[in-house]
Structure formats: structure tokens, C-alpha cells
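To start, the structure under review is shown below, and the notes come after it.
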Amino acid sequence: MAARDRHGKDAPWGEFAVVGKPLRKVDGLAKATGAAIYADDIALPGMLHAKTLRSPHAHARIVSIDASDALALPGVHAVITGKDLPVKYGVIPWTPDENALAVDKVRFIGDPVAAVAAVDEDTANAALKRIRVEYELLHAYLDPRESLTRHDPAIHEGRKEGNVSKNVLLEFGAIDQALATSDVIVEDEYTFHGTTHAAIEPHCAVAQYSADGVLTVWSATQITHYVHRALARVLELAPHRIRVVQPCLGGAFGGKSDPFSLEFCVATLAMRTGRPVKMLYTREEVFYCHRGRHPMQMRYRTGASKDGMLRGVDAKILIDGGSYSSFGLVTTYYAGQLLTGPYAFPTYRFDSTRVFTNKPPCGPKRGHGSVQPRFAFEVQLDQLAEKLALDPIEIRRRNFVGEHTTTVNGQRITSNGFLACLDQVERASDWSTRHGKLPFGRGLGVAGSMYISGTNYPVYPNKMPQAGIQLKVDRSGLVLAFTGGNDIGQGSNSVVQYIVAEELGLALDQVRVVAADTDLCPVDLGAYSSRVTFMVGNATIDACRKLRAQLVEALAAHWQVDAKRVRLIHGEALDLEDATHHLPIVEAFHLAEERFDTLGATGSYNTPELGGPYRGGTIGASPAYSFTAHVAEVTVDIETGRVRCEKVWIAHDCGRALNPMLVAGQMEGSAYMGVAEALMEEHTVNRYGLHRGPSLLDYRIPTSVDTPELAALIVESLDPEGPYGAKEAGEGPLHPSIPAISNAIFDAVGIRLKHLPFTPGKVLAALAERRARAGEPTVAGGAR
């Protein structure tokens, strides 16, 4: 494989030695053997254990809190309440509306009210029962449509918008005229339910306050830098007195990309008691923390010409945000901004409104903000194809947006392998001979999508790099790479190792990665929006190229040859034209250190200026977009209503697969989560606001028995912006699974499911409605 540099040009060393190979993760052995240290594995001398008292009411004022009985219990060292942490925070700096512990009122069942530190968890739990809280109940908003029209009592007082969290109305082109002149229009409503992340590791944090006034917090987070900033704000501590470390993480999927109550509580309790404090959430508490997929009620109207070319898309979206803002400002934009590919929209309008309700707060889940609209639009695109008597794949091909172009809302697209993705799934699924021709009860469905490889706009405005790398070279031949990037299981630390080894010609065991420690590592903004491999990868190349230039210069001078003749590979330094010139890399390091002083390098990455010239035009703009196409095959039991997904073919344009094994794993994991959301998962509350089943016994996710066969088909388009041409692969491949399943159900039994999840009850109801419309008998059967 010929190597390319980060800008798509031929790299000076010719062939890849490491990149593109199916290598194991840098932390794989430690995790497999149990040696990896997670947050809950941390045990410090004299450590206390903390627990949280949570609200039993969906919406209420706090009249009084009496913790005297709890403090009197032997083994209890401290109790804190909202008055101890009055400063509000939020991951988005324009919407800080959360307190670590409720101040004055609670806004959902599970809202944290007080925290206790004690000698063990049992004592802390016993102390919670002794805390007396008097509440004044308030009206609870559980329907987002009510929040849209009623604002008294307000969930958050002092907002001129009442219970509306954010509204975005953007229009591109003469949409009304385009729809009025369309040959065919499809208009319909779609519902996406709430789902949560269900990461295997619950939230956990440990804090220690040293004698010299330094606060260290170990947290199961995917945003160490933002947690560091939030702790400084809320605790009113100078940032240089705070250290945040992310240990190994047992999954996140967006569920750990906010600062959480436990981080502030353990920090405060550690400072107050002078002892280390740990807080580990139960699974029930993880469900209350939530930050999962926003429920959305969506109406789409799409117009097209007779030949299937889109004329305009008009969307109106109501978003249930739950009780706090979290990433909601961004969600409201993403719900519209990220739909304008892989298909060309000549005109487009979206009116997106997020409201507060008295439910667990929603936030970013894998594919943040765009999975729900993608479901609605891809189903509507199939409805349009049906109306025009077009093949569903063909209508998608005809409307391909292209590459090296700009979307209707001003997003710059570089490489685009979507047509290749369609070709791959069409061929692999034998679409042309099987779609519409399988026995009744079995069907195929297709869908496509586009997703960002990081955002061009940091969460808080600044012009500093979004990713940084620091390399330290040891005389032993070891290179230490320090990255602030958060590896949440996707393998981003491994990518750093691969790139350093590739660029400097090292064996993998000559590269170690130190990550996500705010004392040791350069700033990185965290693992969200599929940014880490793209941005940290580019920063790593930048640092390596600077160091490599010194090594090559030193070697060229030593051998008295042109620098172009020097190559670093497989732990050796070679002269390409003289076989007698070769040295172990460690000796090359020594030569360079003699010539240049102590060896090391830094690198960084920042995005170019991107986005449309309008308010919100930078939100959703990305240096590169990935593209995906899925074909799903389902069977539908018309007697029970059960839908089974048999197989998903996943074609994903990842730019370049830096490690095809890891890319395939991300593709398969994404599709798995999409299938789960389509057929099983549902995060919901009852009429009192109480979670219907906050446990993994009640919240259904697929086991190995339920998981379909997954076929990962990697497409490489070599993006000019990505590291060696790479783009994201961790979130984009989720999007098409859900609409592809809906479209496959239509192919199987002729019912169009538009309201998630696709439960047996919904299937049976839709089948009964179809039979009634057709005048068929109550029990259907036979071939189509």
C-alpha cells in the first residue's frame, strides 16, 4: 500500500509499515488479563465512600433539609447539600443551568439533593435514610407538547423563553416555491423514542486533596479537560490546583461527556474531610443521570420531480430535552444541520425546538442529534421512491451530493465514498435479485447517512489548538507520547501508538502512550463528535514530522548523504542507496541528541475556518464527513408481531482504515446499537415521572442471541484533511441501521413503521390496519 501524508500526498518513505494493519490495541492485553485499572479499582489509604440522596419527585421546591441525624451516625464524616455548591455549570458555556446538588428545587425523579461521605457504602446509605427533606410539590411536565405551550410554573425560572430550551429556524433557498412546483410530495410524521447508552461501567469518581492544596480527581469521564474547567468554576479553585485523570474506561458512547454531580461531590467532600473520597453510581443512578438520545417528534415534507430528483425538504421537529440543557443547544442545531448529505438538497428548511420536561436530562448519544432526523428522512425517501416506482437504491444514487462540494447549508464536503458504499451493500446483499422478491414475511431495506469527523468549533470559543501531542524521546529507544485525548474503548490511544511507530520507524513496543491526565498531557477537548482519531491523529503526525526531521538531518550528516536517502523503518535507520549505512533507531536518537540537545517535539491540530455565513453556520461544520450505507434483512412473524433482524451489511467510507480490525469493530458496534434502538430499547418514565425500569433487567438490549449477523464493508476515499486520509468510523455507521430496518419491514409485509421502537404490538396494529384498508380477513397469509 503506497503511503500518503495527512494532505493526501505521497509520503517520503514509500510503503506503510504499521498503518493499515490489523494490530491489537495498546491496552488490549491489560484489559484482557484484568490488569487495567478502572476508576472503581482505585483504593487510597483512609478512603471514604460517598452516596447521593436523590429526589423522589419530578418537580418540587425544597423547603428544608435537615441532615443532623445523618451526621450523628457513627462512621459519617460529612454531609453536603446544594448550599455547599451553589455555582451553576454546564458543558456548553452559554447554558449553565445545573447544580451539583439541587438548590431550591428539584426537576426530575433522581435529581441529586445531598451527598454523604462515610467509612463504607453501607454506612453512607444508612445516613441517606436519616436526611429529612421537606418538599413543596409543583406541576410536572412530562409531555414536550405541554412544555411548548405552558410555562407556569417554569422548570427553570428567569428564562424569557419559558420552558423552551432552544429554537432554531433556518431556511436555505425558496423552499415553499420548490415544494409548490414539485411533481410529487410526501408528507408524514415520525417519532423517535428515548434511549440510553448502557455502558458496562457505571459512573465513578475518586478525589484526593493533598496537604499542599492540590485536588486530584480520577473520573470515568470522556472529557477530562471540560471536567477540569467545570471543577475550577464550581469549586472556585484556581485551575492549576486541580488535576483530572481518566483511568481505563468501560464504555461511554456519549454518556460520560458532561461533568456530573459525583465529580463535584467527591471533590468537595475530600476537601472538607481531608481524606480521599470515592463515589460509584449504581446502575439505577446511571439511568437517572441519563444524557441519552433525545426523543423527537418529527414532521417531514419532501418534494421531488418525476425522475426522482429532490426539489426541497421541509422539517419541523419537537425535541424532548429532559430537565437540563446539557448539549441541548448543539442538539437543536444538529437535528437540522447534519441532514444535508449524502443527498443534494436544492432547498431546505428546518424548524427545530427543544423543550424542558421533568425527566432525566437528555444529551449526546452515539450519533448525537442526527440519528433521529436521519431515521425520519430515510424512511420518507423510501416512501418517495415507492410513489415514483423507483428502486430505493436508485433514488439515493440519483441524488448523490458529490465530493469536493458544498451543501445547501454551507457545509464543505471533501472526499465522499457514498456511491461506493451503495455499490458494496447492493452487491453483498444481492439486492437486485432479492429486494421485493423474498417470501412474505422477509424483506430487505436500505438507508444512507453522513456524519462529522469532529467539529470545527470548540465547545468554548478560543483560537488555541483543539488537539495537542507531546513526544519525549528516551536514550533507551523508547518514545513516550502524551495526549489529552480520551480513549473510551474506541482505540484512539492505539492510533497514537501506530502513527508514532509509522512516522519514526519504531516497533510498537518502543512507543508508550500516556493519556487523559491534565497534569501531564497537552489539552485535548475530549471524545465526542467523532473527533479524536482525526484531530489527535493529525496532531501526532505534526509532532512526529518535527522530530523525524531532526533524526533524518542528524543521520544524513553522520553518513554525509542527502536527507532524501534516509529511511526509518522497523526499528532501523537505513540509507536507501548504501546498504553499509544502517543503525538501530536507538543510535539514531543518540546522534540526534548530540546534535540538537534533549529530544522531544510537540504537535497540534486545529480545524480550518468552516461553515456557512449565518448564525449557527459553524455548528455541524466539520473538516471531513464520513458516509455510510446499510442494507438490513429482517423477518416478521405476522402472528406474534416479532421482528427479527437477520443481517446488516454495513458499508462505511472511513477515508482510510488506520487499523481495519478496529474500524470493522466500530462499524459492527454502531450497527448493533442501531438495531437495539430499533427493536428493543426504550428509556421512558411513567405518568408520575418515575423511570419505568432503571436496570439492565428491565431495559432491554440485545444479547448474543438477539444480535444479527454483521458484515463490515470498509470503503476508503482518502480524505485530504485526515491523518493519512482517515475519517471517523465510530458514530456514522449507527445512523442507517434504524431506517433500513423500517424499510425492510415494509418490503417484508407491506407496513410502514414510522414510530419507534418497532415492538410486536406496533407491528400487529399496523398489520391489522393494512388488512382493514385492503378488506382482507383478520388473519393474513400467503405469498405477496
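The values are calculated or read from the model by the stated rules, or taken from the named source; none is laboratory data. No experiment lies behind these values; they were computed from the predicted model shown. Glycine gets a Cβ as well: all are built from the backbone with ideal geometry, and neighbour counts include every protein chain shown. All accessible areas refer to the heavy atoms of the entire protein, side chains included, with ligands and DNA or RNA removed. Shrake-Rupley method; radii C 1.70, N 1.55, O 1.52, S 1.80 Å.
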Test: Lys359 is under 30 Å from His290 (Cα atoms), open to solvent by less than 10 Å² (accessible area, probe 1.4 Å), in a loop (DSSP other than H, G, I, E, B) and basic (Lys, Arg): no
Qualifying positions in the stretch 713-739 - out of contact with any Phe, Trp or Tyr (no Cβ under 9 Å at 6 or more places or on another chain) and of a type in the set (A, V, I, L, M, F, W, C): Ile714, Ala729
Pairs only if they're at least six apart or on different chains, beta carbon under 8 angstrom, first in the stretch 205-229 and closer than 20 Å to Asp41 by Cα and without any contact (Cβ under 8 Å) to a residue 60 or more places away in the chain, second open to solvent by 40 Å² or more (accessible area, probe 1.4 Å) and assigned to a helix (DSSP H, G or I); list them, first residue then second. Leu215/Arg241; Leu215/Met271
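How many residues, within the stretch 181-220, are over 28 Å from Val266 (Cβ atoms), among the charged types (D, E, K, R) and more than 32 Å from the chain's Cα centre (by Cα)?
The number of residues fulfilling the criteria is 1.
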Lone qualifier among Thr191, Thr195 - being surrounded by 22 or more Cβ atoms within 10 Å (Cβ to Cβ) and either at pLDDT 95 or above or of a type in the set (Val, Ile, Thr) (or both): Thr195
Looking at the stretch 603-610, can you tell me whether even one residue there is open to solvent by 60 Å² or more (accessible area, probe 1.4 Å), more than 30 Å from Gln466 (Cβ to Cβ) and either of a type in the set (D, E, K, R) or touching a residue at least 12 places away in the same chain (Cβ under 8 Å) (or both)? no
Show the residue pairs meeting these rules: Cβ distance below 6 Å; 6+ apart or different chains; first residue within the stretch 466-487 and buried (at least 20 other Cβ atoms within 10 Å of the Cβ); second residue assigned to a loop (DSSP other than H, G, I, E, B) and aliphatic (A, V, I, L, M). Gln466/Leu525; Gly468/Val523; Val473/Leu599; Phe482/Leu520; Gly484/Val523; Asn486/Ala516; Asn486/Ala527
Please determine, by comparing only the residues of the stretch 678-701 that are open to solvent by less than 40 Å² (accessible area, probe 1.4 Å) and in contact with a helix residue (DSSP H, G or I) (Cβ under 6 Å, 6 or more places away or on another chain), which one is farthest from Ala729 (Cα to Cα). His691
Residues located in the stretch 619-649, provided they are assigned to a strand (DSSP E or B) and either of a type in the set (Ser, Thr, Tyr) or touching an Asp or Glu at 6+ places or on another chain (Cβ under 7 Å) (or both): Tyr625, Ser626, Phe627, Thr628, Glu633, Val634, Thr635, Glu646, Lys647
Looking at the stretch 637-660, I want the residues that are within 18 Å of Ala711 (Cβ to Cβ) and open to solvent by 10 Å² or more (accessible area, probe 1.4 Å) and have a partner that is polar (S, T, N, Q) and outside any loop (DSSP other than H, G, I, E, B) with Cβ atoms under 8 Å, at least 6 apart or on another chain. Which pairs are those? Arg644/Thr635; Glu646/Thr635; Trp649/Gln424
Residue pairs within 6 Å by beta carbon, gap of at least six or interchain, first lying in the stretch 273-289 and open to solvent by less than 40 Å² (accessible area, probe 1.4 Å), second among the polar types (S, T, N, Q), listed first then second, are Pro276/Gln208
Within the stretch 93-107, restricting attention to residues that are touching a residue at least 60 places away in the same chain (Cβ under 8 Å) and touching a His at 6+ places or on another chain (Cβ under 8 Å), which residue is farthest from Glu236 (Cα to Cα)? Arg107
Can you spot a residue in the stretch 171-181 that is in contact (Cβ under 8 Å) with a residue 40 or more places away in the chain, open to solvent by less than 10 Å² (accessible area, probe 1.4 Å), of a type in the set (Phe, Trp, Tyr) and in contact with a Lys or Arg (Cβ under 9 Å, 6 or more places away or on another chain)? no
Pairs only if they're at least six apart or on different chains, beta carbon under 9 angstrom, first in the stretch 374-385 and under 11 Å from Gly303 (Cα atoms) and open to solvent by less than 10 Å² (accessible area, probe 1.4 Å), second basic (Lys, Arg) and assigned to a helix (DSSP H, G or I); list them, first residue then second. Leu381/Arg396
The stretch 231-249, residues that are touching a residue at least 60 places away in the same chain (Cβ under 8 Å) and open to solvent by less than 10 Å² (accessible area, probe 1.4 Å): Val234, Ile242, Val244, Leu249
I'd like to check which strands (runs of 3 or more DSSP E) are fully inside the stretch 1-59 and have at least 1 residues that are open to solvent by less than 30 Å² (accessible area, probe 1.4 Å) and modelled with pLDDT under 95. 2-4, 10-15
When you look at Leu101, is it assigned by TED's automatic domain parsing to the domain that holds Thr533, in a loop (DSSP other than H, G, I, E, B), at pLDDT 95 or above and of a type in the set (A, V, I, L, M, F, W, C), yes or no? no
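Please go through the stretch 290-304 and pick out each residue that is within 29 Å of Ala385 (Cα to Cα) and open to solvent by less than 20 Å² (accessible area, probe 1.4 Å). I'd like the intermediate steps shown before the answer.
Here is the first cut: in the stretch 290-304, the ones within 29 Å of Ala385 (Cα to Cα) are 293-304.
Selection gives Arg293, His294, Met296, Met298, Tyr300, Thr302, Gly303, Ala304.
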Can you name every residue in the stretch 702-727 that is surrounded by fewer than 16 Cβ atoms within 10 Å (Cβ to Cβ) and hydroxyl-bearing (Ser, Thr, Tyr)? Thr703, Ser704
Are there any pairs with C-beta distances below 7 angstrom linking a residue in the stretch 668-679 that is farther than 15 Å from Gly194 by Cβ to a residue that is open to solvent by 10 Å² or more (accessible area, probe 1.4 Å) and of a type in the set (Lys, Arg), with the two at least 6 apart or on different chains, and if so which? Ser670/Arg366
Could you please give the count of residues in the stretch 141-161 that are out of contact with any Asp or Glu (no Cβ under 8 Å at 6 or more places or on another chain), touching a residue at least 60 places away in the same chain (Cβ under 8 Å) and part of a loop (DSSP other than H, G, I, E, B)? 5
Scan (1) of a type in the set (D, E, K, R); (2) outside any loop (DSSP other than H, G, I, E, B); (3) open to solvent by less than 20 Å² (accessible area, probe 1.4 Å) for the single condition Asp524 breaks and write down its number. (2)
